[in-house]
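Below is one structure, written out as structure tokens; comments come after it.
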Amino acid sequence: EREKEQMEKSQAKRRIVLAPIPGQGHVTPFMQLGKSLSLKGFSITVAQGQFNQVNPSQDFPEFQFVTLPESLPGSEFERLGPMKFLLKYNNTNEASFKDCIAQLLMQHGNDIACIIYDEFMYSCEAAAREFKIPCAIFTTTSAIDYVSCYIFSKLNLEKFSSDIEDPELKEKVVENLYPLRYKHLLPTGLGPLEPVMELRREIVNKRTASAFIVNTSSCLENSSLSWLQQELKIPVYPLGPVHISASAPSSLLKEDRSCIEWLNKQKPRSVIYISMGSFYHMETKEVLEMAWGLSNSNQPFLWVIRSGSIVNSFPDELSKMVSERGYIVKWAPQIEVLAHPSVGGFWSHCGWNSTLESIAEGVPMICRPFQDEQKLNAAYIESVWSVGIQLEGEVERGQVERAVKRLIVDEEGACMRERALVLKEKVKASVRDGGSSYNALDELIKYLETD
Ligand code: UDP
């Protein structure tokens, strides 16, 4: 029996093609998944567009990288906004991706076991169908986010847009899916609704992938995972957080490591770390209110302000305001920062990667979400795992000061930290030998090895 299994294994196809979209929050988990699969003996090809490319040189010598010749330039993202950009990105890439797969098949003698594509790179399915290669979705956001997109894609948009005006319906919890409320289904912060609907229908309703991989752990999102398992009718593999199983340095911006030296000089658990992810822009007024509140809290703070991320320009008075207690960098080695003993809290926009990274280090959070997906993550952080507090409405200095004190100084914050440490242990156990995420990865390997 064993020999037979070995024989089958050695004949199994060994190359996986990964197709991320060109955003930091997508590329990073893709490269981590790639590392995990590579450690299990698969060869990895990464197919990427022209911009926001991962630098293959030092960190991934064992991976093959190919560039899709006809992909859209990055300037189109600014011009079109995220939804229209993604629709166009897929249109442009479909033929390019097919050519790329045709070449890879020639080069590697048909040895492609699976195309694993980002949920937003749905045009990859055309190549998979044409060349009869299995394909799997990898969603780099939470399971509940996919559930919410799925439900939304089946709605009658016009009717729902008017129904949701009802305050009672707004706050109603979607059956069995707490903390998902009906209001969360209606996209906000993503521009006009039609392109959002068009994109979600492409992703959900035309899906032909035969497996669904998600960067979460069943100890975090059990109910959404059960829902997905029932509804999608294809195997679901919750194998995250992938950054714990395999580190894969894939920062698209240069990390400023000087902040680690600064952290070394601070007291244990005293620092609030602030980062809004890789593409959110802030208004000057909001930035200044934050700065006032942070200064008035009397706690040290480390703040990531990306180049060009403040609408208008970097306010001059900011440098003076932060000089005493604060430290600003353009981009930080985030996981290392969260793991630093001086860090006591994380003020985050609650992107899914940031959420997982904070949980994995047991750091409680101040949640300031901007879009639906982030709002859902924030709802989980505050009301399901109870490891953070939400800042709602317009940012105001007094509210910022109180939030920082609640998290870093008060008893309430200490309790959150305790719960965060318990959650950290659960999540870490899930990726260790015998844990649920570890087993899901094993199951995925078996799926990839079956023809
Ligand atoms: N990140 C980083 N340095 C920073 C800020 C962010 O390395 O200064 C990384 C962070 O660790 C995470 C990613 O950028 O892996 C952001 O992804 P997330 O899903 O949180 O948010 P998005 O950028 O997609 O909104």
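Looking at the structure I just gave you, is residue 370 more than 24 Å from residue 428 (Cα to Cα), within 14 Å of the ligand (Cβ to nearest atom) and assigned to a loop (DSSP other than H, G, I, E, B)?
So residue 370 fits the description; yes.
Among (1) among the hydrophobic types (A, V, I, L, M, F, W, C); (2) touching an Asp or Glu at 6+ places or on another chain (Cβ under 8 Å); (3) more than 30 Å from residue 194 (Cβ to Cβ); (4) in a helix (DSSP H, G or I), there is one condition residue 126 misses while meeting the rest; what is its number?
Failing condition for residue 126: (3).
Can you pull out the residues in the stretch 304-341 that are at pLDDT 95 or above and assigned to a helix (DSSP H, G or I)?
Listed by number, the residues that qualify are 334, 335, 336, 337, 338, 339.
Could you look through the stretch 342-359, keep only residues that are near the ligand (Cβ under 7 Å from one of its atoms) and in a loop (DSSP other than H, G, I, E, B), and pick out the one that is surrounded by the fewest Cβ atoms within 10 Å (Cβ to Cβ)?
349
Residue 51: in a loop (DSSP other than H, G, I, E, B) and within 16 Å of the ligand (Cβ to nearest atom), yes or no? Explain how you work it out, then say what you get.
Details: in a loop (DSSP other than H, G, I, E, B): yes; within 16 Å of the ligand (Cβ to nearest atom): yes.
Yes; evaluated as a whole, the condition is true for this residue.
Only one of these is among the basic types (Lys, Arg), buried (at least 16 other Cβ atoms within 10 Å of the Cβ) and part of a helix (DSSP H, G or I): 170, 98. Name it. Full working, then the answer.
On the way: 170 fails: buried (at least 16 other Cβ atoms within 10 Å of the Cβ).
From the options 170, 98, the qualifying one is 98.
Being assigned to a helix (DSSP H, G or I) and without any contact (Cβ under 8 Å) to a residue 40 or more places away in the chain is the filter here, so list the residues in the stretch 374-401 that pass it.
Hits for the stretch 374-401 are 374, 378, 381, 382.
Filter the stretch 320-341 for residues that are within 11 Å of the ligand (Cβ to nearest atom) and farther than 20 Å from residue 308 by Cα; which is surrounded by the most Cβ atoms within 10 Å (Cβ to Cβ)?
337
All but one of (1) within 16 Å of the ligand (Cβ to nearest atom); (2) buried (at least 21 other Cβ atoms within 10 Å of the Cβ); (3) not in a loop (DSSP other than H, G, I, E, B) hold for residue 416, so report the exception by its number.
It fails just one condition, (1).
Would you pick out the residues in the stretch 293-304 that are buried (at least 18 other Cβ atoms within 10 Å of the Cβ) and more than 15 Å from residue 368 (Cα to Cα)?
Those that are buried (at least 18 other Cβ atoms within 10 Å of the Cβ) and more than 15 Å from residue 368 (Cα to Cα): 295, 297, 299, 300, 301, 302.
Tell me which of these residue 144 doesn't satisfy, since it passes every other one: (1) in a helix (DSSP H, G or I); (2) away from the ligand (no atom under 16 Å from the Cβ); (3) of a type outside the set (Gly, Ala, Ser).
(2)
Please verify whether residue 331 is under 27 Å from the mean Cα position of the chain (by Cα) and hydrophobic (A, V, I, L, M, F, W, C), treating the condition exactly as stated.
yes
For the structure I just gave you, tell me whether residue 155 is surrounded by fewer than 21 Cβ atoms within 10 Å (Cβ to Cβ), within 16 Å of the ligand (Cβ to nearest atom) and not in a helix (DSSP H, G or I).
It is false that residue 155 is surrounded by fewer than 21 Cβ atoms within 10 Å (Cβ to Cβ), within 16 Å of the ligand (Cβ to nearest atom) and not in a helix (DSSP H, G or I).
Considering 253, 225, 232, which residue is modelled with pLDDT of 95 or more and closer than 30 Å to residue 361 by Cα?
Result of the check over 253, 225, 232: 225.
Which of the residues spanning the stretch 271-286 are free of Cβ contacts under 8 Å to residues at least 40 places away in the same chain and either away from the ligand (no atom under 16 Å from the Cβ) or crowded, with 22+ Cβ neighbours inside 10 Å (or both)?
283, 284, 285
Among the numbered criteria (1) hydroxyl-bearing (Ser, Thr, Tyr); (2) exposed (fewer than 13 other Cβ atoms within 10 Å of the Cβ); (3) touching a Ser or Thr at 6+ places or on another chain (Cβ under 9 Å), which single criterion is violated by residue 142?
Of (1) hydroxyl-bearing (Ser, Thr, Tyr); (2) exposed (fewer than 13 other Cβ atoms within 10 Å of the Cβ); (3) touching a Ser or Thr at 6+ places or on another chain (Cβ under 9 Å), only one is false for residue 142: (2).
Of the residues 189, 109, which single one is surrounded by 13 or more Cβ atoms within 10 Å (Cβ to Cβ) and of a type in the set (Gly, Ala, Ser)?
The unique qualifying residue is 189.
If you check every pair at least six apart or on different chains, which have Cβ atoms under 7 Å apart with a residue in the stretch 131-146 that is more than 25 Å from residue 13 (Cα to Cα) first and a residue that is more than 16 Å from the ligand (Cβ to nearest atom) second?
Once the first residue is more than 25 Å from residue 13 (Cα to Cα) and sits in the stretch 131-146, its partners that are more than 16 Å from the ligand (Cβ to nearest atom) give 143/224; 143/225; 143/228; 143/238; 144/180; 144/224; 146/228.
Please go through the stretch 205-250 and pick out each residue that is assigned to a loop (DSSP other than H, G, I, E, B), within 16 Å of the ligand (Cβ to nearest atom) and under 22 Å from residue 123 (Cα atoms).
Once the filter is applied, which keeps residues that are assigned to a loop (DSSP other than H, G, I, E, B), within 16 Å of the ligand (Cβ to nearest atom) and under 22 Å from residue 123 (Cα atoms), the stretch 205-250 yields only 215.
Could you list, in sequence order, the residues of the stretch 256-292 that are modelled with pLDDT under 95, touching a Ser or Thr at 6+ places or on another chain (Cβ under 7 Å) and not in a loop (DSSP other than H, G, I, E, B)?
Within the stretch 256-292, just 282 meets the criteria.
The values are calculated or read from the model by the stated rules, or taken from the named source; none is laboratory data. Quick caveat, the model's predicted, so the values are computed rather than measured. Positions of Cβ are backbone-derived with ideal geometry, glycine not excepted, and every protein chain shown enters the neighbour counts.
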